[in-house]
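Once you've had a glance at the structure underneath, I'll fire off some questions.
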Amino acid sequence: TRSTRPQRLLKAVQKRATRGDPQSVISAIDHFCRHSEWAMNVGDEKGSILDSVVSELNPEKVLELGTYCGYSTVRIARLLPPGARLITLEFNADYAAIARQVISWAGLEDKIQLVEGASEDWIPRMKEHFGIETFDFVFLDHWKDRYLPDTKLMEDCGLLRKGTVLLADNVICPGVPDYLEYVRNSLSYKSSYFKSHLEYTKAEDGLEKSVFLG
Ligand SMILES: O=C(NC/C=C/[C@H]1O[C@@H](n2cnc3c(NCCO)ncnc32)[C@H](O)[C@@H]1O)c1cc(-c2ccc(F)cc2)cc(O)c1O
Ligand SMILES: [Mg+2]
């Protein structure tokens, strides 16, 4: 049967990228998505904004909601200091299998824990199962109607502390209106918008950075 797009994306990584070189993995995926097939990775333009937020924060404990093929997982993990840990949640087994191989090709397995399952099932188990007290940085890039419920769930589970940064992809396209309204009006967040473009296109999109105030 015909291969899937994530399988073709992985092949492009294995063909073009150098094992153990995260930047070459990122470039290979961007090249594939620009010149062969569009895919819903955060991409290079929004990815540079993601890089600057992560580099400025230097987080020890990172959570990513929605791994897909692992593009943003590799982008974030390559910038983490030694000893820092990224937990990424992905409930589609086929995508998780591709992402594991992308992460391995980048040589970043030691910093990343890919957990196969739904965010709403795993967020409540972060403390007892992973020994996580609170997260320093959370990247939201899963189903858009799940950003708000999962953010409230992280609050309720005590996983956010004063200064935790949430960075949300796609706040314009496809859009996350309920989440935006919440973080921009809640007294518990200081929120700011980073205008950019939908990955590999000229359409507007952006990232919303929201600092939890406790
Ligand atoms: O839809 C988009 N992203 C969704 C990502 C889903 C990934 O995350 C996984 N996932 C979803 N919910 C959960 C969950 N928990 C929640 C459910 O239980 N727990 C764990 N994993 C979860 C999926 O299995 C996928 O791997 C998108 C679209 C466009 C787009 C823009 C313009 C267009 F024209 C077309 C498309 C651009 C983007 O950058 C986008 O991110
Ligand atoms: Mg996205």
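The values are calculated or read from the model by the stated rules, or taken from the named source; none is laboratory data. Keep in mind the model is a prediction, meaning the values are calculated, not measured. Neighbour counts run over all protein chains shown; Cβ positions are idealised from the backbone, glycine included.
Of these, 51, 30, which one is surrounded by fewer than 18 Cβ atoms within 10 Å (Cβ to Cβ), among the acidic types (Asp, Glu) and away from ligand 1 (no atom under 13 Å from the Cβ)?
Values: 30 fails: surrounded by fewer than 18 Cβ atoms within 10 Å (Cβ to Cβ).
After applying the criteria, what remains is 51.
How many residues are among the aromatic types (Phe, Trp, Tyr) and farther than 13 Å from residue 140 by Cβ if we restrict to segment 175-188?
Residues flagged as among the aromatic types (Phe, Trp, Tyr) and farther than 13 Å from residue 140 by Cβ within segment 175-188 amount to 0.
Which number in (1) out of contact with any Ser or Thr (no Cβ under 6 Å at 6 or more places or on another chain); (2) in a loop (DSSP other than H, G, I, E, B) marks the one condition that residue 67 misses?
(1)
Could you tell me whether any residue of segment 164-175 is closer than 15 Å to residue 62 by Cα and surrounded by fewer than 20 Cβ atoms within 10 Å (Cβ to Cβ)? So that I can check it myself, show each step before the final result.
Within segment 164-175, the first condition is being closer than 15 Å to residue 62 by Cα, and the residues that meet it are 164-168.
Pick out the ones that are also surrounded by fewer than 20 Cβ atoms within 10 Å (Cβ to Cβ) and you get none.
No, segment 164-175 contains no residue that is closer than 15 Å to residue 62 by Cα and surrounded by fewer than 20 Cβ atoms within 10 Å (Cβ to Cβ).
Oh, and also: Scan the helices (runs of 4 or more DSSP H) fully inside segment 118-208 and keep the ones with 2 or more residues being within 15 Å of ligand 2 (Cβ to nearest atom).
147-156, 177-185
What are the pairs, 6+ residues apart or on separate chains, where a residue within segment 141-165 that is on the phi > 0 side of the Ramachandran plot has its Cβ under 8 Å from a residue that is among the hydrophobic types (A, V, I, L, M, F, W, C)?
163/211; 163/212
Tell me yes or no: at least one residue of segment 34-42 is touching a residue at least 40 places away in the same chain (Cβ under 8 Å), more than 13 Å from the chain's Cα centre (by Cα) and more than 11 Å from ligand 1 (Cβ to nearest atom).
yes
Pick out the one residue from 37, 90, 60 that is surrounded by fewer than 24 Cβ atoms within 10 Å (Cβ to Cβ), modelled with pLDDT of 95 or more, in contact with a strand residue (DSSP E or B) (Cβ under 9 Å, 6 or more places away or on another chain) and not hydroxyl-bearing (Ser, Thr, Tyr).
Only one candidate qualifies: 60.
Against the condition farther than 19 Å from residue 61 by Cα and either within 15 Å of ligand 1 (Cβ to nearest atom) or of a type in the set (Ser, Thr, Tyr) (or both), how does residue 210 come out, does it pass?
no
If you check residue 81 against the conditions, is it assigned to a loop (DSSP other than H, G, I, E, B) and under 16 Å from residue 209 (Cβ atoms)?
No.
So residue 76 clears everything in (1) surrounded by 22 or more Cβ atoms within 10 Å (Cβ to Cβ); (2) free of Cβ contacts under 8 Å to residues at least 40 places away in the same chain except one condition, right? Which one?
(2)
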